[in-house]
Amino acid sequence: MARRPISRLHRLALASMLVAAVAATDVTPADARESRSSTIERRIDSEIQEVLELNPGSRQIDAHTVELEKGVRMRIFAVDPDAAPAVQAQYFLCDYKWLCLFQHRDLLGYGIDFYNCGNKNLSSYFMPGGVPWNDQVSSIINNQTKGTWSSFFDWDGVSQWIWMKSLIAPGHLYNLAWDEAAYGGTMNDRIDMVTVC
Ligand SMILES: [Ca+2]
């Protein structure tokens, strides 16, 4: 029995399947990384714009950083959600002479950093989405000059700041859920005011 010839239509279908197969394997891991990183960069750009709008008088000082006022800056990190925690950690180094607070444990989420001594009310600063920084902090690095203390306070809801804890430089608290406030309970998501130094 003679073999049935492959019709032109079949040839076309085979050719297009071949093209599709080549296209599917044409996305290299480097391409995938690049597309993920441009998604992250777009996310950062739009969040930077939000921070600029939410914090009057602020200005962008680099691709990931907004200066909210002199000596106070917010950082939007390039966290790749698919990256391992150990890889992410490198984004979260705190510059020397700064006190760095982070939205989430393990130095994740948004960051707010302070350089100048004095009391800073966290409700004055807004992260993307319009959430003020009070009751949000879950990890801290104090990278000020050696021996410099920072203190953290809770607002009692009526009339006074209540001291919760102090941290000497160089020092860190990677998960405030593990740290007890002086008057009870954990430190997590409770800080309303910091005495930078
Ligand atoms: Ca509080």
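The values are calculated or read from the model by the stated rules, or taken from the named source; none is laboratory data. Since we're looking at a predicted model, the values are computed, not measured. Cβ sites come from the backbone with ideal geometry, for glycine too, and all protein chains shown count toward neighbours.
Here are the numbers for the structure shown:
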| item | result |
| --- | --- |
| Extreme residue, nearest to residue 97 (Cα to Cα), among residues of the stretch 141-172 that are aliphatic (A, V, I, L, M) and within 16 Å of the ligand (Cβ to nearest atom) | 164 |
| Checklist (1) out of contact with any helix residue (DSSP H, G or I) (no Cβ under 7 Å at 6 or more places or on another chain); (2) within 16 Å of the ligand (Cβ to nearest atom); (3) modelled with pLDDT of 95 or more applied to residue 71, failing item | (2) |
| Residue match in the stretch 152-171 (condition: in contact with a helix residue (DSSP H, G or I) (Cβ under 8 Å, 6 or more places away or on another chain) and surrounded by 15 or more Cβ atoms within 10 Å (Cβ to Cβ)) | no |
| Within the stretch 173-188, considering residues that are under 14 Å from residue 108 (Cβ atoms) and out of contact with any Leu (no Cβ under 6 Å at 6 or more places or on another chain), the one nearest to the ligand (Cβ to nearest atom) | 176 |
